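The values are calculated or read from the model by the stated rules, or taken from the named source; none is laboratory data. These figures come from a predicted structure and were not determined experimentally. Note that we place each Cβ from the backbone using ideal geometry, even for glycine, and neighbour counts take in every protein chain shown.
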């Protein structure tokens with residue numbers, strides 16, 4: 001008798017795979033795979049999911065076993081030329097047909113492949129990164145309010161009527177208004193009884209009239225009056241949100257060849273994806289420069305083909321102007337990221353440093369500079385060096401020579417800083 | 001292999017889609033043939049799963065039976081992947097040696113592959129588990145599932161109560177010592193889950209008390225050095241058992257985990273010694289059964305093409321100088337041997353009569369059945385490896401002696417060499433030789449409570465340095481006090497390892 005059991009999960013519930021546990025276990029490999037993928041992908045392709053491969057041997061399970069040495073005998077298949085008694089020289093290194101103990105597996109070890117979704121991919125890519133020093137929080141926009149219960153009021157709309165309070169007020173009013181008459185009424189009734197017992201007709205008649213009046217008076221007091229009504233009150237409280245703006249300054253001069261431009265674009269693309277993913281409200285200002293700087297939109301920033309000489313300070317000046325015009329430092333958290341190949345007009349480099357120091361750095365939370373070149377650093381790098389030594393919290397600079405360096409450098413620049421307690 | 005006339009053929013199915021009804025029908029047909037061939041099997045329980053559940057297994061959650069440990073999952077996945085590529089890497093995890101015998105079919109397979117799994121696992125492996133003496137001695141097939149379920153639940157509870165990571169750490173350490181968790185010379189009692197549950201609570205109470213007795217160390221001041229009772233009295237080879245009973249710092253739940261791993265190790269012990277036979281037997285039978293099905297006209301050529309391509313993939317044996325070479329493929333060797341045994345019975349040559357006078361010409365089913373029941377890899381090879389197989393595979397033996405600077409060819413597949421090659425190959429499957437001989441020899445009860453192990457070197461073979469260091473760390477974690485491993489050759493300690501590692505003594 002054979003039983004066939006269907007253990008596949010029913011359509012309704014999602015797979016019981018505890019992906020989190022799995023991803024946590026193989027975190028190292030996944031991060032490595034993601035870093036590799038980022039290195040190799042084309043810019044347009046950056047965002048999709050990825051297939052990750054985990055080598056079977058990477059998860060090691062040690063046991064006691066023999067190491068090389070001593071005297072061992074092994075039987076191998078596939079003899080073509082040997083005869084008993086032959087002596088063979090040992091091969092260099094470890095090859096020579098796996099002269100190990102009997103293998104437990106017939107075929108070779110295999111890698112385990114699985115798919116990361118796009119979301120997971122991006123998450124791993126940007127894990128542990130943040131915009132540094134994001135401190136300024138301020139009001140912005142009308143959709144950042146929340147309604148909060150704020151007690152009661154005497155005015156309102158029927159939907160907000162608080163029934164219990166209203167009735168309580170009504171009760172209080174009735175007590176207040178009828179209290180005296182009710183007491184008088186009780187009194188009068190007592191007296192009436194006495195008068196009737198005594199047979200005092202005149203007093204009795206007077207008292208009856210009085211009682212009638214009192215009763216009418218009590219009846220006139222309404223059960224519920226408009227003065228009694230109470231309503232719930234809500235007010236709008238603003239939610240503070242942080243405003244941040246990132247300035248992307250890219251050098252598109254003639255000295256940047258295609259490959260360097262490509263690397264710069266990768267950097268900015270990573271930055272762009274990172275910001276879009278992690279921060280709800282962020283503005284990005286794109287500035288391209290060669291000899292003159294121009295503020296552009298995203299499309300033009302990544303795709304335009306303009307080129308020219310190199311005057312880096314033009315971009316920095318433009319940035320400073322835009323900041324002064326549109327982004328008040330007390331409201332906005334301002335960031336800057338600049339990429340260039342470092343090949344600047346020599347006289348210009350000190351101007352760059354000065355512009356940064358005087359006009360930009362005082363206003364920004366963080367500014368990073370990425371130099372993409374295989375050559376030795378030039379004047380611009382040296383100038384910036386001084387800045388980064390003077391203000392290490394605000395200014396960071398890195399060099400990148402190959403595509404593979406971009407992602408690690410990006411991670412370094414935006415690494416989450418451990419909170420100082 | 002001629003099929004009956006076209007008009008008589010009635011294919012069970014055509015094309016590659018499967019459904020539950022087809023599986024039932026194939027199982028019926030294959031089961032009928034298996035019975036005709038005299039295969040005795042436990043009832044089968046076939047479970048259909050999805051590839052995502054494979055990932056579950058990898059993440060240590062999924063196998064319906066079996067506790068959560070990522071290494072099981074890892075093996076499961078390796079195997080399942082070979083499966084998908086058409087290689088039949090059916091290791092024991094996909095077939096559970098139990099009554100009923102559990103086998104897994106993957107949803108993504110074609111009907112041909114499902115039929116192949118049915119024949120291979122549900123009738124091949126199944127009959128091996130039921131018949132082979134090692135399995136009959138070492139496992140109680142009826143209760144193993146219960147026990148695995150008990151273990152799984154217990155471990156899940158521990159994870160909830162103490163956290164996933166602490167449990168994983170203990171299990172990792174136990175797994176490192178799993179090969180040394182078996183009493184090789186004692187017959188184990190069959191495991192019963194009911195008993196276990198009842199005893200487990202008792203154990204929790206008693207264990208701490210007995211432990212405290214052992215570790216009460218009030219040193220006798222200045223007393224004469226009496227003959228100290230050495231503990232343990234005799235060297236202990238079952239490391240996990242020793243730790244379970246004597247490790248001073250384990251919590252009761254940790255002790256229970258050690259015990260669970262030990263029991264599982266015991267369960268797997270026969271499988272380690274019968275890899276070649278088990279796989280060879282299952283491969284032989286899937287080949288025979290499916291061919292019989294074809295001969296009856298029940299499956300078409302398309303089916304056979306797919307099956308044969310899968311089948312030959314499994315039997316791949318690259319020669320020693322091929323970059324893909326990874327040792328002797330147990331499927332290839334096992335299949336070759338069983339097939340040749342059948343040939344020796346059906347069509348013996350003069351050589352066969354000389355080498356196997358008892359079985360040449362005998363009825364093949366009886367001979368194969370007898371071999372399957374009463375041998376394990378080492379003895380099977382020693383008894384039944386034929387010169388023809390050695391020639392086909394071109395086997396040759398190499399001596400690799402560290403003290404010499406060349407390899408020496410000990411024997412090849414010629415008349416003078418057959419016996420020697422056979423001996424050498426058999427010894428390769430002798431666990432006693434292949435696994436280092438490590439035993440616990442001393443516990444310093446009154447001193448630093450350190451544990452000393454002795455490794456008896458065989459043929460001057462040292463321990464693998466890196467692995468030993470890792471395993472010692474695991475041992476240290478379980479024992480709680482320093483551990484020391486001495487490698488002895490001819491009674492002299494040639495190598496000593498400790499954990500934690502001692503700092504080198506300063507030069508004077």
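Quick notes on this structure:
- Residue count for the stretch A:305-318 satisfying the condition of being touching a strand residue (DSSP E or B) at 6+ places or on another chain (Cβ under 7 Å) and within 22 Å of residue A:406 (Cβ to Cβ): 3.
- Residue among A:261, A:276 that alone is at pLDDT below 85 and over 21 Å from residue A:380 (Cβ atoms): A:276
- Within the stretch B:325-353, no residue that is under 23 Å from residue B:429 (Cα atoms) and assigned by TED's automatic domain parsing to the domain that holds residue B:125 sits with its Cβ atom under 6 Å from a residue that is modelled with pLDDT of 95 or more and part of a helix (DSSP H, G or I) at 6+ positions apart or across chains.
- Output for the stretch B:387-406, where each listed residue is modelled with pLDDT of 90 or more and facing chain A (nearest Cβ under 7 Å): B:393, B:394, B:395, B:396, B:397, B:398, B:399
- Some residue of the stretch B:343-354 being assigned to a loop (DSSP other than H, G, I, E, B) and loosely packed, with under 15 Cβ neighbours inside 10 Å: yes
- Within the stretch B:459-486, being more than 7 Å from chain A (Cβ to nearest Cβ) and part of a helix (DSSP H, G or I) holds for B:466, B:469, B:472, B:473, B:474, B:475, B:476, B:477, B:478, B:479.
- From B:497, B:446, B:484, residue being modelled with pLDDT under 90 and either surrounded by 15 or more Cβ atoms within 10 Å (Cβ to Cβ) or touching a helix residue (DSSP H, G or I) at 6+ places or on another chain (Cβ under 8 Å) (or both): B:497
- Subset of the stretch B:446-458 [under 20 Å from residue B:240 (Cβ atoms) and away from every other protein chain (no Cβ under 11 Å)]: B:449, B:450, B:451, B:452, B:454, B:456
Each row is one residue, and each column tells you yes or no for (1) at pLDDT 75 or above; (2) more than 7 Å from every other protein chain (Cβ to nearest Cβ).
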residue	(1), (2)
A:6	yes, no
A:10	no, yes
A:13	no, yes
A:21	no, no
A:31	yes, yes
A:35	yes, yes
A:38	yes, yes
A:45	no, yes
A:61	no, no
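- Within the stretch B:285-305, the set of residues being crowded, with 21+ Cβ neighbours inside 10 Å and in a loop (DSSP other than H, G, I, E, B) comprises B:298, B:299.
- When residue B:123 is tested against (1) surrounded by fewer than 23 Cβ atoms within 10 Å (Cβ to Cβ); (2) in contact with a strand residue (DSSP E or B) (Cβ under 9 Å, 6 or more places away or on another chain), only condition (1) is not met.
- Filter result for residue B:371 (within 23 Å of residue B:127 (Cα to Cα) and in a loop (DSSP other than H, G, I, E, B)): no
- Residue match in the stretch B:180-198 (condition: modelled with pLDDT of 85 or more, out of contact with any helix residue (DSSP H, G or I) (no Cβ under 6 Å at 6 or more places or on another chain), crowded, with 20+ Cβ neighbours inside 10 Å and farther than 30 Å from residue B:24 by Cα): no
- Screening residue A:103 with (1) under 38 Å from the mean Cα position of the chain (by Cα); (2) modelled with pLDDT under 70; (3) surrounded by 14 or more Cβ atoms within 10 Å (Cβ to Cβ) gives one miss only, at (1).
- Within the span defined as the stretch B:220-239, one or more residues are within 30 Å of residue B:433 (Cα to Cα), surrounded by 20 or more Cβ atoms within 10 Å (Cβ to Cβ) and at pLDDT 80 or above.
- Verdict on residue A:376 being surrounded by fewer than 16 Cβ atoms within 10 Å (Cβ to Cβ), at pLDDT below 85 and closer than 12 Å to residue A:312 by Cα: no
- If you go through the stretch B:92-138 and keep only what is over 15 Å from the mean Cα position of the chain (by Cα) and in a strand (DSSP E or B), you end up with B:101, B:102, B:103, B:104, B:105, B:106.
- Any hit, the stretch B:160-172, residues being surrounded by 13 or more Cβ atoms within 10 Å (Cβ to Cβ), at pLDDT 85 or above and under 19 Å from residue B:268 (Cβ atoms): yes
- For the stretch B:418-437, a residue qualifies if it is at the interface with chain A (Cβ under 9 Å from one of its Cβ atoms), more than 18 Å from residue B:334 (Cα to Cα) and modelled with pLDDT of 90 or more, and exactly one does: B:420.
- Of the set (1) in contact with a strand residue (DSSP E or B) (Cβ under 9 Å, 6 or more places away or on another chain); (2) under 26 Å from residue B:270 (Cβ atoms); (3) at the interface with chain A (Cβ under 9 Å from one of its Cβ atoms), all apply to residue B:409 but (2).
- Given (1) at pLDDT 80 or above; (2) over 15 Å from the mean Cα position of the chain (by Cα), number of the condition residue A:96 does not satisfy: (1)
- Meets criteria (farther than 29 Å from residue B:110 by Cα and surrounded by 19 or more Cβ atoms within 10 Å (Cβ to Cβ)) for residue B:331: no
- Members of the stretch A:387-397 found to be under 15 Å from residue A:414 (Cβ atoms) and surrounded by fewer than 18 Cβ atoms within 10 Å (Cβ to Cβ), listed by number: A:393
- Unmet requirement for residue A:65, which otherwise passes all of (1) within 14 Å of chain B (Cβ to nearest Cβ); (2) at pLDDT 80 or above; (3) loosely packed, with under 14 Cβ neighbours inside 10 Å: (3)
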